[in-house]
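Beneath this line is the structure, given in structure tokens, with notes to follow.
Computed from the coordinates by the stated procedures, all read-outs in this text should not be read as laboratory data. Nothing here was measured: the structure is a model prediction, and the numbers come from that model. A quick note on method: Cβ atoms are made from the backbone with ideal geometry, for glycine too, and the neighbour counts reach across all protein chains shown.
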Amino acid sequence: MPLVTLKKVLTKANKRNYAVGAFNINNLEMLQAIMEAAEAERSPVIISTSEGAINYAGMMELGSLVHIAAKRSKRPVVFHLDHGKNYNLVVEAIKSGLYTSVMYDGSSLPFEQNIKKTKKLVAMAHKRGISLEAELGSIAGIEDFVSVEEKDAHLTNPDQAKDFIRRTGCDALAIAVGTSHGAYKFSGASKLDQKRLTQIKLLTKMPLVLHGASGVPSNIKNLCIKYGCKIEKAKGVSDASIKKAISNGINKINIDTDLRIAFDAGIRKFLKDNPEVIDPRKILTPAKELITKVVRHKMKMFGSSNKG
Ligand code: G3H
Ligand code: 13P
Ligand code: ZN
């Protein structure tokens with residue numbers, strides 16, 4: 001079916017209290033692995049490309065692959081620009097005709113400037129029938145803040161979130177409640193500010209987005225380590241914290257790191273076990289299979305299985 005908008009997919013998720021995974025791709029193999037999972041789970045899916053992915057593989061190249069994959073699929077597929085920090089890149093993505101959703105990440109700007117720029121891009125996106133995700137607060141590990149004051153200054157303020165949504169008209173809001181990007185999120189226990197999340201949901205009733213949500217599952221991490229990857233101290237968000245966050249109002253969950261470690265583990269193991277093989281199709285197949293496994297687990301956990 002043709003691509004659908006983020007708004008369409010998240011409105012349904014918001015009503016029925018589940019979350020849809022947004023998975024980052026950099027190449028054909030990652031896309032194939034994610035689409036395979038969406039088919040197997042009969043789940044809606046959001047395919048994300050970051051600025052880095054666009055620099056690596058090309059906006060048009062990745063977009064064309066996603067359009068073909070969506071057309072062949074029976075599941076609702078959203079094509080989304082992840083973390084558009086560069087205003088002009090967001091404009092380019094909106095005008096490209098490829099995306100059905102873009103994220104403008106003005107979180108590093110002062111509040112009023114973030115509102116001003118987000119509002120302008122919302123108008124531009126909506127004119128073309130595209131959804132817009134905005135961001136408020138700094139997505140940084142909860143352990144980075146030592147005092148309550150520091151935490152309050154960086155994590156999303158519920159009253160500001162309400163005001164921000166009302167004034168910008170964005171379709172989804174990425175909030176900061178203690179997650180961070182990458183493989184090293186916590187040195188101690190996985191902990192999110194669930195109380196803050198509940199307050200934001202209560203005040204906004206909006207589809208809320210959790211970035212930095214990878215779990216760094218121990219089976220994949222250990223496989224990576226066994227075959228030579230040095231990620232001993234990596235730690236992600238626990239499945240229990242994710243489930244609680246969904247029950248408290250998260251409707252979109254961003255995953256990149258877990259796909260990276262699955263890809264890495266698959267390649268490392270295959271090459272170690274099959275040193276004579278030089279065929280990239282053979283080398284990348286186990287990596288794809290591991291990504292599909294990881295994504296299927298997420299879809300089940302997020303409650304999006306059988307919703308597509
Ligand atoms: O949130 C960021 C994603 O993990 C994308 O990472 O900028 O290295 O592509 P990247
Ligand atoms: P992770 O690094 O936890 O996978 O987060 C990805 C993300 O938020 C992409 O926007
Ligand atoms: Zn992110």
Computed over the chain: longest principal axis from alpha-carbon atoms vs helix 194-204 long axis, angle to nearest 10 degrees, is 50
Skipping prolines and chain starts, which residues have an amide H placed within reach, meaning under 5 Å, of the one on Lys235, given they are 5 or more residues away or on another chain?
Tyr184, Lys185, Phe186
In units of 2.2 N^0.38 Å, the Cα radius of gyration of region 235-308 is 1.37
Answer with one residue from Leu223, Thr257, Gly212: the one whose Cα lies farthest towards the positive end of the charge dipole of region 206-258, charges on Cβ with Lys, Arg +1 and Asp, Glu -1.
Leu223
Once phi is turned into ³J(HN,Hα) by the Karplus curve 6.51 cos²θ - 1.76 cosθ + 1.60 with θ = phi - 60°, what whole-Hz value does each residue of region 164-181 show in order, with x for glycine and proline?
4, 5, 4, 7, 9, x, 5, 8, 8, 10, 7, 10, 9, 10, x, 8, 9, 6
Taking the Cα centre of region 68-206 as origin and charging only Cβ (+1 Lys, Arg; -1 Asp, Glu), how large is the dipole, in debye to the nearest 20?
920
Compute the semi-axes of the equivalent ellipsoid of the chain, taking the square root of 5 times each eigenvalue of the Cα gyration tensor, and list them largest first in whole Å.
30, 24, 17
Ellipsoid semi-axes in whole angstrom, largest first, where each is sqrt(5λ) of the Cα gyration tensor of region 20-115:
25, 14, 11
Order by neighbour count: Glu143, Glu276, Glu29, Glu41, fewest other Cβ atoms within 10 Å first, most last.
Glu276, Glu143, Glu29, Glu41
Can you put Leu271, Leu210, Leu259 in order, fewest other beta carbons within 10 Å first?
Leu271, Leu259, Leu210
So if each residue of separation counts as 0.36 nm, and I subtract the Cα-Cα distance between Ser147 and Tyr184, what length gain in nm does that give?
11.2 nm
Can you give the FRET efficiency for Ile267 and Glu39, using 1/(1 + (r/R0)^6), R0 = 25 Å, r = Cβ-Cβ distance, to the nearest 0.05?
0.60
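Give me the orientation-averaged projected area of the Cα convex hull of region 168-292, in nm², one decimal.
Computing the convex hull of the Cα atoms and averaging its projections yields 9.1 nm².
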Along its principal axes, what span do the Cα atoms of region 187-244 show, with the longest given first and each in whole Å?
47, 21, 15
Amide H proximity to Ile175 below 5 Å, modelled H, separation 5+ or other chain, gives Val209, His211
I'd like the Karplus ³J(HN,Hα) series for region 98-110: coefficients 6.51, -1.76, 1.60, θ = phi - 60°, whole numbers in Hz, and an x wherever there's a Gly or Pro.
8, 8, 10, 7, 10, 10, 9, 9, x, 5, 8, 8, x
Pairs to check: Lys12/Lys252; Lys119/Lys151; Lys221/Lys288; Lys191/Lys243. Give those whose C-alpha atoms are more than 19 Å from each other in this structure.
Lys119/Lys151
Under the 7 Å Cα-to-Cβ spin-label approximation, Ile278 and Lys71 lie apart by a distance in nanometres of 3.6
